[in-house]
Structures are given as C-alpha cells and as structure tokens.
Amino acid sequence: MDDEPRSVRFLGLLRVLLRHGVDFFVVGGVAAQLEGAPILTLDLDVLYDKTPENLVRLLAALRELKARYRDPAGRHIEPDAEKLATLRMHLLLTELGALDVLSAIGGGLTYHDLVDRTLSYELGEIRVRVLELAAVIETKEQANRDKDRAVLPVLRQTLAMKKARP
C-alpha cells in the first residue's frame with residue numbers, strides 16, 4: 001500500500017463507497033486539488049448523508065475497507081452504526097489509507113446544507129461529486145484550525161485565478 005501513489009489509493013476508496021451506493025461527496029484537500037489548488041493532502045475527506053439507509057451502506061463499505069479509528073493508544077476500534085449516527089468526525093485508517101468520514105464540516109454544515117454546492121467529476125471510470133472550491137474555502141474559514149488557515153491563501157489565489165479565466 002505504501003508504494004502505491006496516494007491518488008490510486010483515493011480512487012480505490014471512492015470506488016468502494018460508490019459500489020456500496022453511499023451518498024457522499026468529496027470535501028477538504030482532495031476537493032481543493034480537483035478544483036485546481038496546488039496543495040498536498042494525506043487523506044481523503046468525505047461528507048456523508050446521515051439517513052438510516054445510507055448509514056447501512058456506509059458501514060458495509062467501511063467493513064469492506066477494514067476501517068478502524070486512528071487511535072494514538074493503538075487500540076483497534078471499528079466504526080459501527082451508533083458511532084456513524086451520532087459522532088461528527090470519523091478519522092479512519094483503511095486497507096487503502098486514511099479516510100475521514102464526516103457528518104458535518106466547517107461550522108456544522110451537513111451533507112444537505114452543501115450538496116447543492118457540489119460539482120461532478122469524472123475520475124477514470126467513476127463519477128463523484130466534489131465540493132466546489134468557494135465552499136471548501138468557506139468551510140475551512142469556519143473551522144479556523146491552524147492547518148486550514150495555512151492553506152487558505154493558496155485556495156483563495158486558486159479561486160481568483162479560476163474566476164479570471166475566460
């Protein structure tokens with residue numbers, strides 16, 4: 001796995017989520033990259049719909065990926081339906097790499113708050129929805145974490161350059 005390029009692993013994660021019919025879209029660093037931002041990200045972030053039916057599909061996908069929570073103490077804690085329904089962030093390790101499965105981002109924005117601000121991207125043989133760059137910027141401003149503040153100038157410049165294109 002470590003020898004595989006990150007982009008190949010991310011595609012593998014997306015394929016599994018799509019194969020299980022999970023309602024989600026890509027957010028965070030990968031969304032910004034797909035929108036043209038020259039940044040590095042080490043994990044795939046997705047925002048999911050918390051309907052009971054979707055939670056069943058998401059849990060099946062996470063089980064296929066052998067997902068477990070990233071735990072500094074080294075414990076092996078797997079996601080379950082209750083955690084997916086109640087917790088906001090699921091920072092996971094899978095057999096294909098790091099996957100952050102989120103029910104809300106920024107200042108508490110959910111799948112339904114942001115789904116209308118997504119774009120469709122064709123990545124090889126798959127099609128995924130991706131949060132538009134302006135919304136990525138807004139959610140990072142709202143989150144106001146050090147790592148988000150560090151990348152905001154690059155994201156804003158990328159957005160300005162996109163808007164300036166004919």
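At 0.36 nm per residue, minus the direct Cα-Cα distance, what do residue 115 and residue 66 gain on full extension? Give it in nm, one decimal, please.
14.9 nm
As I understand it, the value is the acute angle between the Cα axis of helix 52-64 and the longest principal axis of the Cα atoms of the chain; what does it come to in degrees, rounded to 10?
Tilt relative to the chain: about 80 degrees.
Using a 1.4 Å probe, what is the accessible area per residue for the chain, in Å²?
Counting only protein heavy atoms, the per-residue value for the chain is 53 Å².
Restricting the count to DSSP beta bridges whose residues both fall in segment 1-108, what percent are antiparallel, rounded to a multiple of 5?
So the antiparallel bridges in segment 1-108 amount to around 75 percent.
Helix 6-19 versus the longest principal axis of the chain: what angle, 0 to 90°, nearest 10, using Cα atoms?
Between helix and principal axis, roughly 60 degrees.
Which percent of the accessible heavy-atom area of the chain goes to carbon and sulfur, probe 1.4 angstrom?
With neighbouring chains kept in place, the figure for the chain is 54 percent.
Quick one: helix 146-164 against the long Cα principal axis of the chain, what's the angle to the nearest 10°, folded into 0 to 90?
50
Give me the distance in nm between label points sitting 7 Å out from Cα along the Cα-to-Cβ direction at residue 82 and residue 145, one decimal.
Spacing of the two 7 Å Cα→Cβ label points: 2.6 nm.
Could you tell me the number of lysine pairs in the chain with C-alpha atoms less than 20 Å from each other, where the two lysines are 8 or more residues apart or belong to different chains?
For the chain, qualifying lysine pairs total 4.
Which FRET efficiency value, to the nearest 0.05, do you get for residue 164 and residue 126 by plugging their Cβ-Cβ distance into 1/(1 + (r/R0)^6) with R0 = 25 Å?
Efficiency at R0 = 25 Å is approximately 0.25.
Restricting to DSSP H runs of at least four residues, report the calculated mean residue ellipticity at 222 nm for the chain, -39500 (n - 2.57) per run over all residues, nearest 500 deg cm²/dmol.
Calculated mean residue ellipticity at 222 nm is -13500 deg cm²/dmol.
The values are calculated or read from the model by the stated rules, or taken from the named source; none is laboratory data. Model, not experiment: these values are computed from the prediction. Virtual Cβ from ideal backbone geometry, glycine too; neighbours counted across all protein chains shown. What goes into the accessible areas is simple: the full protein's heavy atoms, side chains included, and nothing from ligands, DNA or RNA. Shrake-Rupley method; radii C 1.70, N 1.55, O 1.52, S 1.80 Å.
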